[in-house]
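For reference, the structure discussed in these notes is given below.
The values are calculated or read from the model by the stated rules, or taken from the named source; none is laboratory data. Keep in mind that this is a model prediction, so the values were computed, not measured. Because the Cβ atoms are built from the backbone with ideal geometry, glycine has one as well, and the counts that use them run over all protein chains shown. With ligands, DNA and RNA removed, areas are computed over all heavy atoms of the protein, side chains included. Shrake-Rupley method; radii C 1.70, N 1.55, O 1.52, S 1.80 Å.
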Amino acid sequence: ALGLAYFAKDMDDDAIKHLKEAVKINEKFSDAHTHLSAVYLKKKEWDLAIAEARVAVADIFYTTPEFAYFNMGRAFYEKADYIKAEESYKKAIPKYPVAYYTLGLTYMKMNKDKEAAEMFELVIKNVPNYIDAHYNLGLVLIKLKDKKAALNAFQEVIRIAPDGDKAPLAKEYMELLK
């Protein structure tokens, strides 16, 4: 618990120290490994994040491996290993719905536009005001040559957050699509 408290206070080195101490006491403490992977993600230490997440998911008794798989997916995504990111995010779904969005981003990087659109649509169905999902859906729909649906996605961005950082970009895309 002390490691998490340090992590919450952005004291990452202290968090790592205390989480490693917890793992020394019980090397199968999968939550500690998952939290270590989160700290390493924050520090952009992708390989260490992956290694800790792998230890966590190797525990067949770990009750929440979706968090470790999600962390693993994020690290692989940052390393531009989109195939492994995809595999990891799929293992986090459906217990960790945030993975639908990040899987959509991964599909965008892989030029799997139809699959990306499906992921963003799932996110929007469950979280209708998720601006980034609408925005990225619009981008993917442009690539899929669905002009009308792309316009609708960008209109939603503006409707939800007319003063948000995505609104000017959405307006530009709408002008280009007209």
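The rows are residues; the columns are (1) open to solvent by less than 20 Å² (accessible area, probe 1.4 Å); (2) closer than 26 Å to Ala38 by Cβ; (3) assigned to a helix (DSSP H, G or I).
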{"position": "Tyr62", "(1), (2), (3)": "no, yes, no"}
{"position": "Tyr69", "(1), (2), (3)": "no, yes, yes"}
{"position": "Leu151", "(1), (2), (3)": "no, no, yes"}
{"position": "Gln155", "(1), (2), (3)": "no, no, yes"}
{"position": "Gly164", "(1), (2), (3)": "no, no, no"}
Sole miss for Glu115 among (1) of a type outside the set (A, V, I, L, M, F, W, C); (2) part of a helix (DSSP H, G or I); (3) open to solvent by less than 30 Å² (accessible area, probe 1.4 Å) is condition (3)
Of those in region 124-139 that are among the β-branched types (Val, Ile, Thr) and at pLDDT 95 or above, the residue most open to solvent (accessible area, probe 1.4 Å) is Ile131
Residues being assigned to a loop (DSSP other than H, G, I, E, B), open to solvent by 50 Å² or more (accessible area, probe 1.4 Å) and not aromatic (Phe, Trp, Tyr) - total across region 86-105: 3
Filtered residues of region 12-35 (kept if open to solvent by less than 80 Å² (accessible area, probe 1.4 Å) and outside any helix (DSSP H, G or I)): Asn26
Which one of these does Ile83 not meet: (1) surrounded by 17 or more Cβ atoms within 10 Å (Cβ to Cβ); (2) β-branched (Val, Ile, Thr); (3) more than 14 Å from the chain's Cα centre (by Cα); (4) more than 20 Å from Gly3 (Cα to Cα)? (1)
